[in-house]
Amino acid sequence: MFSILEKCFKKSIWVYHTNASACNGCDIEIINALTPFYDAERFGIKLVGSPRHADALLVTGAVSRQVCPRLKTLYKSVPEPKLVFAIGSCATGGGIWFDSYNLVGGVDKVIPVNFYIPGCPPRPEAILFGVAVALGLVDKKVVAEYLKEKGFPELVHERPVAESLWAK
Amino acid sequence: MMEILKPVFYLLIFPGLLFTGVLGLFFMWVDRKVTALIQSRMGPPWYQCYVDIGKLLYKQVIIPAGSNRLSFVTAPLIGLAGISLAGGIIWMVNINKSVSFIGDLIVVMYLLVLPSLALIIGGAASRNPFSSVGASREMTMVFAYELPFILVIFTAVIKTRSVIFADIITYQIQNGAMFWSVSGIVAVAVFLICMLAKLCYLPFDIPEAESEIIGGTLAEYSGALLAIFKLTNAMMLLALPLFLITLFLGGIVVSSIKGILFLILKYLVILILVILVKSTHPRLRIDQALKFFLGPVLGLAIISVILTVLGV
């Protein structure tokens, strides 16, 4: 029973978008992604007005010091389980303000972030794609891969270095 | 034992909570899908509304600090109890006319106010400025639309000289639907306008204005309590058109396939009319809505009553 309800969560994500000192570019793209042209409602995504109704927070902007406590309060006021999407270059890692004196630089320094959607600003397709990846609707384009160390000599000469030296 | 269990079954399973709830959520999806088609997009899949309710049940319930816990938690239950009882009565009197009792029309009228009352109690209890504004707007709207709503219901009462559903249905079976007269047409029009306000639909969704007062009365509700409010609204979407059909459009006949098909046809016509108005109109201000209901709508309702007394 509980697992069915858990599955329901992925089929109906109600989003609340917030601007944490962004330049408004990403916000326009978020609103664009929710217009009838892109039709986010076919994935069950709906824009809600109150953080109490929300399942996902769409946060834009490198967080300034004034916004920081408000963002923490906002995160607390969303009921569990919740997702946080950091949208835009500034939100993912500070963007060009990564070392600015009055900006924290990235949403993940204030609240835990689940998914990052980079871009300046990300296209509405990118935002929808990011949300779809998060919900498991599409496969990830890039998969994290851990390389095994094969040993330097074998990679270059297909034989141990010492042996190739002696062959000469 | 069975005598005790029967009303419980009627209230919770068949015409009451479960049946009306599941059907209501389905028609909620019809509403969203037709709105999507009007906006030339695909719209949500058919299970969307059930999934929404399931998700809300899964989520955490936050009770805001400083709110009145008792009223905050019981308010959605009051609304749900009222609408499931009203839905149950409307179905039962149509299926089996012998269960109708004296004054059941008036009981249903009262029960249909309970969801609005629940919104007012919940909004006032949640200690949020937006909720308080929403509660005050909801109260104003109830005062505005209840008067014409009750007046047009009385046209049916004046015509049949009875406040019993069974008499109204039998009168319509003998003399044709109440809709086929001048007073009936006016009454149905006024009923539809009041229905939009009762459902909190778009020209009159002033208490719940999402972009203006962030959900109004529902602003502080989350999780299962919000799910109950959404379910109540979905059940209203089924119960109110059925109330209209019972009173003015010839009642519900479930004994034959033809009757069921006619019921679905009538229901869908009403629903699509409501959706068309909803998706093509912007929100009114509270004073405009008040002027609208206490001006032209009340005037039409009074005209309908006068025409009924004259026998037109």
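The numbers here are math on the coordinates, done by the rules we state, and not lab data. The shown structure was predicted, so the numbers you read here are calculated from the model rather than taken from an experiment. Using ideal geometry, Cβ is built from the backbone for each residue, glycine included, and neighbour counts are taken over all protein chains shown.
Net charge near A:Pro122: determine it from the other residues with C-beta under 15 Å of the C-beta of A:Pro122, scoring Lys and Arg +1 and Asp and Glu -1.
Working: positive: A:Arg123, A:Lys141; negative: A:Asp27, A:Glu29, A:Glu125.
Around A:Pro122, the surrounding residues sum to -1.
Pick from B:Val254, B:Val186, B:Val142: which is most flexible by mean-square fluctuation in a GNM of chain B where alpha carbon atoms under 10 Å apart are linked?
Largest GNM mean-square fluctuation: B:Val254.
Taking the Cα centre as origin and putting +1 on Lys and Arg beta-carbons and -1 on Asp and Glu beta-carbons, what dipole magnitude results for the protein assembly as shown, to the nearest 20 debye?
Numbers: 39 positive and 29 negative charges, 53 e Å.
Charge dipole of the protein assembly as shown: 260 debye, to the nearest 20.
Around A:Ser77, what is the net charge, scoring Lys/Arg as +1 and Asp/Glu as -1 over all other residues with Cβ under 11 Å from its Cβ?
Charge balance near A:Ser77 sits at +4.
With a cut-off of 17 Å, note down the residues of region A:23-49 whose backbone N falls inside the zone around a label point 7 Å from the Cα of A:Asn102 toward its beta carbon.
Residues passing the 17 Å test: A:23-24.
What FRET efficiency, computed as 1/(1 + (r/R0)^6) with R0 = 56 Å and r the Cβ-Cβ distance, is obtained for B:Ile102 and B:Trp46, rounded to the nearest 0.05?
Numbers: r = 42 Å, r/R0 = 0.74.
That gives a FRET efficiency of 0.85.
Counting other beta carbons within 10 Å of each Cβ, put B:Leu119, A:Leu34 in order, fewest first. Walk me through the numbers before you get to the answer.
Details: B:Leu119 31, A:Leu34 20.
Ranked by crowding around the Cβ, least crowded first: A:Leu34, B:Leu119.
Stick to Cα atoms and the Kirkwood definition of Rh, then tell me Rg/Rh for the protein assembly as shown.
Working: Rg = 28.0 Å, Rh = 25.1 Å.
That ratio equals 1.12.
What angle, in degrees between 0 and 90 and rounded to the nearest 10, separates the Cα long axis of helix B:48-58 from the longest principal axis of the Cα atoms of chain B?
Around 50 degrees separate the two axes.
Can you compute the helix-only [θ] at 222 nm over the protein assembly as shown? Use -39500 (n - 2.57) per DSSP H run of at least 4 residues, normalise by all residues, nearest 500 deg cm²/dmol.
Values: 21 runs with 285 residues, N = 480.
The helix-only estimate for the protein assembly as shown comes to -19000 deg cm²/dmol at 222 nm.
Note the angle between two axes, namely the Cα long axis of helix B:182-198 and the longest principal axis of the Cα atoms of chain B, as a number of degrees from 0 to 90, rounded to the nearest 10.
10
Count the net charge of all other residues whose Cβ sits under 9 Å from the Cβ of B:Cys200, scoring Lys and Arg as +1 and Asp and Glu as -1. Mind showing how you got there, number by number?
On the way: positive: B:Lys198; negative: B:Glu138, B:Asp205, B:Glu208.
With Lys, Arg at +1 and Asp, Glu at -1, the net is -2.
Using modelled amide H (1.01 Å from N, peptide plane; none on Pro or chain starts), what sits under 5 Å from the amide H of A:Leu47, excluding residues fewer than 5 places away?
Amide H neighbours of A:Leu47, under 5 Å, 5+ apart: A:Val15.
Can you compute the modelled spin-label distance between A:Arg42 and B:Ile38, with each label point 7 Å from Cα toward Cβ, in nm?
2.1
Can you sort B:Leu226, B:Leu199, B:Leu70 so the residue with the fewest Cβ neighbours within 10 Å comes first?
On the way: B:Leu226 24, B:Leu199 20, B:Leu70 9.
Placing the least packed residue first, the sequence is B:Leu70, B:Leu199, B:Leu226.
Roughly how compact is chain B, stated as its Cα Rg over 2.2 N^0.38 Å to two decimals? If you can, show how the numbers build up before the last one.
Numbers: Rg = 19.2 Å, N = 312, 2.2 N^0.38 = 19.5 Å.
That works out to 0.99 for chain B.
For a footprinting-style exposure proxy, rank A:Cys8, B:Cys49, A:Cys23 by other Cβ within 10 Å, fewest first.
Working: A:Cys8 21, B:Cys49 24, A:Cys23 16.
The most exposed by this proxy come first: A:Cys23, A:Cys8, B:Cys49.
For helix B:165-175, report the angle its Cα long axis makes with the longest principal axis of the Cα atoms of chain B; keep it between 0 and 90° and round to the nearest 10°.
40
Taking trypsin sites (Lys or Arg not before Pro) as exposed when DSSP calls them loop (any state but H, G, I, E, B) and at most 11 other Cβ atoms lie within 10 Å, what is the longest stretch of chain B free of them, the sites themselves excluded? Intermediate results must be reported in sequence, preceding the final value.
Numbers: sites that count: B:Arg161, B:Arg285.
Here the longest run is B:1-160.
For region A:2-157, what class follows from the C-alpha gyration tensor (a ≥ b ≥ c being the square roots of its eigenvalues): rounded when a/c is under 1.5, otherwise prolate if a/b is larger than b/c, else oblate? Walk me through the numbers before you get to the answer.
On the way: a/c = 1.78, a/b = 1.26, b/c = 1.41.
It is oblate, given that a/c is not under 1.5 and a/b is not larger than b/c.
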